[in-house]
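Q: One structure follows; several queries about it will come next.
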Amino acid sequence: MTARFRIVHFVPDPFTGMRVPVAALIQGPQGIRVVRAPHTLSPGCVGGLATWHNMQGLVQRLDAVKDFDRLPMSMGPHVTLDVQRDVPAQVEDPESWVAKFILPQRPAAPGDTREVIPKGPRREDVGYGFFQSWKVERYVHRHFKGETLGLQDEYAGTISHAVIGTGEIMLMEPVLGQRQDVHRQVERISKTFLAWGRLLERMHAKGKPRFVAYVFSPPKTALPEVKQFLSAAEAEVIDVEIPNERDRFISDIRRIGLTNPANSHLS
């Protein structure tokens, strides 16, 4: 007889439809057996400690289940049975196979068990990903410190992205408009642009510096403030969600980059 199994789901809130696999019923030559999931969600993931205790109690009560096709009505709406599936015929130990390959496993990496929400991606990584998606990353210098211009950067911070051409330099900083720290981002960018403007002027660098803040998903109310704040640094503000602005921005990167003899082979 080929063994069959049905996943048992805990439903923290029947109205949302969220399901958590907590065990499985297995029917085989030796009757019905219950296999518990090697790993279950923590209280914070299922709605609190009371809900978690309710889940654990229902899992314990599964040992008394005798019917493969339905659960006792007394278990209520917080436990459901999934569809019937067959265990592969070549599997000799159905219980171990279901526990290992079907039910949730404890994360192997220690960091995966932490419930602290990780920080979002860095601004410069989001920006470089944008250049990659538009296939202009080959022209873009990351973490620019002025080395290609023979400058020292101890007077100014690092620029996230730069395009160096013949007679034109474009220094670029991304702005993540949906983050709560958008004003802090813009303040930092403004200071960096102002410092680099003074440094390039003092060093009599070849090529006119052009400062660009390119903004992702800006709220309509925030964009005018971003433009006003960066006006002191004479920076352009480009909303990459607007096709015309984005296309012009990408075209300028490609055009400036191709004027650099070092990039001539990229044309």
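Q: Looking at R184, R254, can you tell me which residue is within 23 Å of the chain's Cα centre (by Cα) and part of a helix (DSSP H, G or I)?
A: Numbers: R254 fails: within 23 Å of the chain's Cα centre (by Cα).
Answer to the check: R184.
Q: So the check is Cβ under 6 Å with 6+ separation or different chains; which pairs have a first residue in the range 127-144 that's closer than 13 Å to I250 by Cβ and a second one that's among the basic types (K, R)?
A: Close Cβ pairs (under 6 Å, with a partner that is among the basic types (K, R)) amount to V136/R254.
Q: In this structure, does E137 turn out to be at pLDDT 90 or above, in contact with a Ser or Thr (Cβ under 6 Å, 6 or more places away or on another chain) and on the phi < 0 side of the Ramachandran plot? Explain how you work it out, then say what you get.
A: Details: at pLDDT 90 or above: yes; in contact with a Ser or Thr (Cβ under 6 Å, 6 or more places away or on another chain): no; on the phi < 0 side of the Ramachandran plot: yes.
No, not satisfied.
Q: So which residues in the range 242-254 are open to solvent by 60 Å² or more (accessible area, probe 1.4 Å) and touching a residue at least 24 places away in the same chain (Cβ under 8 Å)?
A: Across the range 242-254, the qualifying residue is only R254.
Q: Kindly provide the set of residues from the range 161-206 that are under 16 Å from Y139 (Cβ atoms) and open to solvent by 10 Å² or more (accessible area, probe 1.4 Å), ordered by number.
A: I164, G165, T166, G167, E168
Q: Of the conditions (1) touching a Ser or Thr at 6+ places or on another chain (Cβ under 8 Å); (2) more than 21 Å from A99 (Cβ to Cβ), M55 satisfies every one except a single condition; which number is it?
A: If we test M55 against (1) touching a Ser or Thr at 6+ places or on another chain (Cβ under 8 Å); (2) more than 21 Å from A99 (Cβ to Cβ), just (2) comes out false.
Q: Can I ask one more? If a residue must be exposed (fewer than 14 other Cβ atoms within 10 Å of the Cβ) and free of Cβ contacts under 8 Å to residues at least 12 places away in the same chain, how many such residues does the range 219-241 contain? Reasoning before the result, please.
A: Start the filter on the range 219-241 by keeping residues that are exposed (fewer than 14 other Cβ atoms within 10 Å of the Cβ), which leaves 219-221, 224, 228, 231-232, 234, 241.
Cutting the leftovers down to free of Cβ contacts under 8 Å to residues at least 12 places away in the same chain gives us 220-221, 224, 228, 231.
The number of residues fulfilling the criteria is 5.
Q: Pick from the range 255-264 the residues that are among the hydrophobic types (A, V, I, L, M, F, W, C) and open to solvent by 40 Å² or more (accessible area, probe 1.4 Å): which of them is modelled with the highest pLDDT? Don't jump to the end; show me each part of the working.
A: Filtering the range 255-264 for residues among the hydrophobic types (A, V, I, L, M, F, W, C) gives 256, 258, 262.
Subset that is open to solvent by 40 Å² or more (accessible area, probe 1.4 Å): 258, 262.
Numbers: L258: 92, A262: 76.
The extreme case among them is L258.
The values are calculated or read from the model by the stated rules, or taken from the named source; none is laboratory data. What you see is a predicted model; the values in this text were computed from it and never measured. Here the Cβ is made from the backbone with ideal geometry for all residues, glycine too, and neighbour counts use every protein chain on show. Calculation scope for accessible area: heavy atoms of the full protein, side chains included, ligands and nucleic acids excluded. Shrake-Rupley method; radii C 1.70, N 1.55, O 1.52, S 1.80 Å.
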